[in-house]
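Below is one structure, written out as structure tokens; the observations come after it.
The values are calculated or read from the model by the stated rules, or taken from the named source; none is laboratory data. It should be emphasised that the depicted structure is a prediction, and the values quoted were computed from it without experimental measurement. No Cβ is skipped: glycine too gets one built from the backbone with ideal geometry, and neighbour counts run over all protein chains shown. SASA here: full protein model, heavy atoms, side chains in, ligands and nucleic acids out. Shrake-Rupley method; radii C 1.70, N 1.55, O 1.52, S 1.80 Å.
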Amino acid sequence: DAHAPWVFARRSLKVESDKLMATMTLTAIAALMLAAQAPTLPPRCNPQLYRLHHEIAVAVSEGDFEQAAQLLRRWPTGEMTYTLPPSEALQSAAEEAAQLFADVTGGTWQFRPSADGNIRFRLTDAFTIEDMRRWVDGVLVVDVPSHVEPGRLQVSRWSYVSLIAKSFAMYAGLAPASARFNLMGPDIITAASPGNVRVGIQPAERVLMSRVIAAREAWEEVIGSKRVLPLQEPRLVVTPRQVDLGFQQRGPDYHAPITLENTGNADVLIEFESSCQCILAETPDFIAAGVKRTIDAVVQSRDMLGHVGKTITLYTNDPVEPVKVVSVAITAVPPYRVVPDTMKQITLNDEGTSEFEFIFYPTSPKPIRLVRVDTNVEGVETSVLPFNGEVTDPI
């Protein structure tokens, strides 16, 4: 009838519309599959957690969810146990440190005392600050000083809180840092005093904790849903690892190019840190897979004298080597030198001339001539004599 072509056209449109919807649905599913990525750990986690994270990623990429679940159970979270030696001071400090983490993580991290804890503290007289925490078969062993040298004074309560809290955080997955007065900064061991400075959890460290917790929760969801995800492996290659600028005139800024290359298949996340404010660099927050970039580290030499060694540290999420350290050296010299370079009092002979060696020499390629030496004694005449011997300069 007269409506048949319209009906046919409407049905054709409906068929085409159904095909379009199916195509859109398939496209959306494909997009979701492409977007499905494994959880990522941020920089500044401890090496043990990076290795565990990578092992879980490998198991998930191979569809071995039973192995992945077993590995995930090794990821510290929830209730974590510690063992203390008999000490009321340590017990009180540990309780306060535990409450600090319970408050910051909303109870996700809870530290409880146990006779056979996974974090074991022990009081000791002999220890080194660099080796006070050691991993032994998955257990974090911590040496705690019983007193402060010299004088064998009692360690402050805040030192105990800080030492224990840092150990808790390390076991849960955080790495030490160099920022003083941060939770993960250098250990501060002081004698009991009303003026002790509290060491607290900084905003950046709170964010780090939340990202570590979120990564574990994401793995739990992936393993529970048995989703096979492609293996993502960020790898950062840094060259060179040692930069020596040699002898340079003190004053100018000197450039030290450093190449960063991501040889993996996932983004490398980067946090830059230098051991001195005299070294500056604009580093990217991340480097995509297969990308190579050169950063220009700037060494400011105006306050340097002699051989100076500094370090650049790159904190990354590379599971094989998360921390990359680049050493930077320079021997900075002024335009001229006087040896010795400290004030000297010269005793004059009663008769005749008195000689004293002040060796003056230029380090600049431009010639410099010493023409006069003045004294603070009236009536004394001075002259400058040539020196042809060997110069030994402490710098």
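Of the trypsin sites (Lys or Arg not before Pro) found in segment 202-309, the ones in coil according to DSSP and having at most 12 other Cβ atoms within 10 Å of their Cβ are LYS226, ARG241, ARG302.
Split the chain at each of the chymotrypsin sites (Phe, Trp or Tyr not before Pro) in a DSSP loop with at most 12 other beta carbon atoms within 10 Å, and the longest piece is 1-355. About the centre of its Cα atoms, segment 295-347 shows a dipole size close to 300 debye [charges on the beta carbon of Lys, Arg (+1) and Asp, Glu (-1) only; nearest 20 debye].
Put a dot 7 Å past the Cα of GLU88, heading toward its Cβ, do the same for GLU217, and the two dots end up 4.0 nm apart.
Note on segment 60-153: along the principal axes its Cα atoms extend 60, 27, 23 Å, ordered by decreasing extent.
Calculated FRET efficiency, GLU149 to ALA115, Cβ-Cβ distance, R0 = 35 Å: about 0.65 to the nearest 0.05. Computed over protein heavy atoms with a 1.4 Å probe, the accessible surface of segment 249-293 works out to 54 Å² per residue.
Amide H contacts under 5 Å for ASP244: ALA329, restricted to partners 5 or more places along the chain or on a different chain, H placed in the peptide plane at 1.01 Å from N. What percentage of all Cα-Cα pairs in the chain are separated by more than 33 Å? Counting every Cα pair in the chain, those more than 33 Å apart make up 56 percent.
Span-like helix criteria (full DSSP H runs; alpha carbon extent of at least 27 Å along the helix axis; mean Kyte-Doolittle hydropathy of at least -1.0) are satisfied in the chain by 4-35, 203-225. Expressed as a whole number of Å, what is the distance separating the alpha-carbon centroids of segment 244-269 and segment 289-356? Between the Cα centre of segment 289-356 and that of segment 244-269, the gap is 17 Å. For segment 184-289, the fraction of C-alpha pairs farther apart than 20 angstrom is 67 percent. Summary: within the chain, the longest segment free of GluC sites (Glu not before Pro) located in DSSP loops with at most 11 other C-beta atoms within 10 Å is 1-281. Computing the accessible area with a 1.4 Å probe over protein heavy atoms, can you report the carbon and sulfur percentage for the chain? Of all accessible area on the chain, carbon and sulfur atoms account for 54 percent.
By DSSP, the beta bridges lying fully in segment 90-211 are antiparallel in about 45 percent of cases.
Counted by Cβ distance under 11 Å from LEU280, the other residues give a net charge of -3, where Lys and Arg count +1 and Asp and Glu count -1. For a modelled paramagnetic label at LEU280, 7 Å from Cα along Cα-to-Cβ, the residues of segment 292-307 in reach, with backbone nitrogen under 20 Å, are 294-305. Converting the Cα gyration tensor eigenvalues of segment 142-208 into ellipsoid dimensions via √(5λ) gives semi-axes, longest first, of 23, 13, 9 Å. When shorter helices are ignored and each DSSP H run of at least 4 residues is given -39500 (n - 2.57), the per-residue value for the chain at 222 nm works out to -9500 deg cm²/dmol.
The string of couplings for segment 334-339 from the Karplus curve (6.51, -1.76, 1.60, θ = phi - 60°) is x, x, 8, 10, 10, 10 Hz, one whole number per residue in order, with x for Gly and Pro. Applying both filters, DSSP loop and at most 10 other Cβ atoms within 10 Å, to the trypsin sites (Lys or Arg not before Pro) of segment 316-395 gives LYS344, ARG369, ARG372. Overall, the anisotropy analysis places segment 286-395 in the prolate class: the square-rooted eigenvalues a ≥ b ≥ c of its C-alpha gyration tensor yield a/c not less than 1.5, with a/b exceeding b/c.
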